[in-house]
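Reviewing the structure listed below.
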Amino acid sequence: MPTSFSPNGLRGAAAAASTLRRPEGLDPATDVSTMVDPEAGLVDRAVFTDRTVYDTEMRRIFARSWLFLAHTDQFRKPGDFFQTFMGEDPIIVTMDKQRRIRAYLNSCRHRGARVCRADEGQAKAFTCTYHGWSFGLDGALISVPNGGGYPEQFRREDWGLVEVPNVQEYHGLIFGNWDPDAMPLAEDLGDMRWYLDALLDRDPEGTVVVGGVMKWVLQGNWKLAAEQFATDWYHVNMSHASALQVLSPTGQGPKREIAERTGRQFHNDHGHAHGFPVHPRNRFDAKTVHQWYDYDALRERLGAERVAGPLTNGHGTVFPNFSYLPVNGSIRVWHPKGPDRMEVWAWTVLDKSMPEEVREAQRLYNLRTFGPSGIFEQDDGENWSECQAIAHGFMTNSTPLNYQMGIGTDRQEPGYPGVTSELLSDSAGRAFYRRWAELIRTPAWHEQA
Ligand code: FES
Ligand SMILES: [Fe+2]
């Protein structure tokens with residue numbers, strides 16, 4: 001007798017114990033939240049491949065979450081603009097004449113072409129290249145060729161660019177939210193701020209962007225990257241074995257302090273998370289940067305735990321798709337481009353008061369490790385694409401994935417705000433999918449009557 005096989009690919013006791021269910025016939029009204037089971041640590045692989053799941057994410061996660069737009073340093077004078085995406089929606093971020101940073105849907109109200117086609121730059125107005133409607137820095141429609149041809153009731157004030165109602169900044173990072181009543185950004189981040197500040201608040205003068213925005217495409221669902229940065233330290237010794245070998249001073253492989261890391265993994269109930277090894281000594285792998293830092297002053301400013309932990313190594317994700325590495329200064333967005341593809345956009349963010357040669361040393365260190373040609377980045381991108389490449393096979397797609405490491409290890413740990421778990425744990429991954437399920441089963445602001 002063959003063993004019983006369920007459409008979810010679960011067998012025996014695992015099937016009985018789990019609430020993991022894939023609904024029959026996915027359609028937009030379908031509740032897809034049962035496709036993850038954070039308590040049992042199981043994820044249905046179709047959350048990475050299914051079009052309906054993806055469309056629901058756009059409606060219920062991306063249209064109501066705080067999404068990273070740009071860094072304040074990219075806007076120095078009125079008219080400076082940067083083009084980005086919120087989910088798959090094209091967005092212009094710009095500084096208006098009152099020096100306020102605002103964000104608009106980059107789509108002309110006439111026939112819908114993009115009114116800004118440059119990646120970034122300086123503009124006095126955004127003029128659509130299709131028929132010539134022109135919009136000011138405040139989004140207002142300021143000129144219409146052959147305006148006299150429109151009926152009397154046509155009012156230009158009704159046809160300005162659609163504005164993102166909620167744009168807020170946290171320590172130089174600008175986020176936008178389509179929900180007009182969204183919880184304020186700082187409140188949404190909650191305890192995550194303590195971890196994020198290991199990157200953003202080292203320097204009383206704040207941070208700057210160096211080296212432009214690097215962009216590349218990967219085959220892989222956006223969640224593969226977002227959850228790895230939230231949760232996954234387990235992959236490091238295996239996936240990055242050759243990179244660690246290259247960086248080892250003896251050439252014999254990484255020192256024990258690297259191979260046998262201890263550390264913690266934080267998450268909160270908004271799905272934000274940060275994992276960090278605790279190093280016995282403060283260290284930046286870039287020597288020039290390491291020597292420049294005054295660690296006593298940093299400990300005074302940020303506390304000993306934060307300097308030995310999140311500042312010294314680690315990575316995190318602000319749910320849903322913004323991630324960062326404090327020690328490298330790499331911040332990135334995993335832009336969704338369909339269930340199977342993402343675009344990675346990465347900035348290098350450094351302390352403002354760093355002298356030029358230290359900035360350059362850290363920029364190069366960042367490029368060597370993370371960034372399109374970084375030795376660690378290559379390993380990660382290859383893994384995500386590998387997972388995605390085979391995920392559409394029927395049997396493969398019917399077999400759920402295991403997120404069970406560290407179940408039951410969540411606790412409060414002195415010195416670290418919020419709930420943490422072991423460094424090697426899927427705890428933050430489960431928190432990521434718990435938040436995902438919560439949002440995806442709840443109608444969003446635009447679905448309320
Ligand atoms: S589409 Fe923009 S002016 Fe016609
Ligand atoms: Fe990695």
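Derivation of every value follows stated rules applied to the coordinates shown; laboratory data play no part. Everything quoted here is computed from the prediction, not taken from an experiment. Cβ: placed from backbone, ideal geometry, glycine included. Neighbour counts: every protein chain shown.
Within the set K77/K223; K215/K337; K215/K287, which residue pairs have Cα atoms separated by over 25 Å?
Details: K77/K223 35 Å; K215/K337 13 Å; K215/K287 27 Å.
Going by Cα-Cα distance, K77/K223; K215/K287 fall outside the 25 Å limit.
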| Qualifying trypsin sites (Lys or Arg not before Pro) for the stretch 114-149 [loop in DSSP, other Cβ within 10 Å: at most 13] | R117, K124
| task | For the stretch 55-125 and the stretch 424-449, write down the distance between their C-alpha centroids in whole Å. | result | 25
| said: Compute for the chain: radius of gyration divided by Kirkwood radius, i.e. Rg/Rh, restricted to C-alpha atoms, rounded to two decimals. | reply: 0.99
| said: Considering all projection directions equally, how large on average is the shadow of the alpha-carbon convex hull of the stretch 153-275, in square nanometres? | reply: 13.1
| task | Note down the Stokes-Einstein diffusion coefficient of the stretch 323-449 in µm²/s, whole number, using a Kirkwood radius over alpha carbon pairs, 10 °C, and 1.306 mPa s. | result | 87
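Give the Rg/Rh ratio for the stretch 316-359, taking Rg as the radius of gyration of the Cα atoms and Rh as the Kirkwood radius, to two decimals.
Result for the stretch 316-359 is an Rg/Rh of 1.12.
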| task | Quickly work out the V217-to-M183 label distance, labels modelled 7 Å from Cα along the C-beta direction, and quote it in nm with one decimal. | result | 3.7
| query | In Å, what is the Rg of the alpha-carbon atoms in the stretch 94-161, and how long is Dmax? | reply | 12.1, 37
| task | Take every Cα-Cα distance within the stretch 210-355, group them into 5 Å bins from 0 onward, and report for each bin the whole-number percent of pairs it holds. | result | 2, 9, 15, 20, 21, 18, 11, 4, 1, 0
| field | Computed helical MRE - 222 nm, the chain, DSSP H runs ≥ 4 contributing -39500 (n - 2.57), nearest 500 | value | -7000 deg cm²/dmol
| message | Return the unpartnered cysteines for the chain, using a Cβ-Cβ cut-off of under 4.7 Å. | response | C116, C387
| request: Using Cα pairs closer than 8 Å and at least 6 residues apart in sequence, work out the relative contact order for the stretch 76-118, in percent. | output: 30
| query | Once Rh is set to the Kirkwood radius over Cα pairs, what Stokes-Einstein translational diffusion coefficient, in µm²/s, holds for the stretch 345-388 at a temperature of 25 °C and a viscosity of 0.890 mPa s? | reply | 212
| field | Principal axis dimensions, largest first and in whole angstrom, of the stretch 152-213 by Cα | value | 58, 30, 19
| Please state the relative contact order of the chain as a whole percent: Cα pairs under 8 Å, 6+ residues apart? | 21
| query | Relative contact order, percent, of the stretch 275-348 when contacts are C-alpha pairs under 8 Å separated by at least 6 residues? | reply | 24
| What list of whole percents do you get for P(r) of the stretch 71-121, with Cα-Cα distances grouped in 10 Å bins up to the one holding the largest distance? | 27, 54, 19, 1
| remark: Largest first and rounded to whole Å, the semi-axes √(5λ) derived from the alpha carbon gyration tensor of the stretch 286-379 read 27, 16, 11
| message | I need two numbers for the stretch 37-149: Rg to one decimal and Dmax as a whole number, Cα atoms only, in Å. | response | 18.1, 65
| Estimated D of the stretch 369-423 in µm² per second, where Rh is the Kirkwood radius over Cα pairs and Stokes-Einstein applies at 10 °C, 1.306 mPa s | 108
| task | Go through V358, G393, W347 and say which Cα lies farthest out towards the positive end of the charge dipole of the stretch 249-398; charges sit on Cβ, +1 for Lys and Arg, -1 for Asp and Glu. | result | V358
| query | If you put +1 on each Lys and Arg Cβ and -1 on each Asp and Glu Cβ, how big is the dipole of the chain around its Cα centre, in Debye rounded to 20? | reply | 600
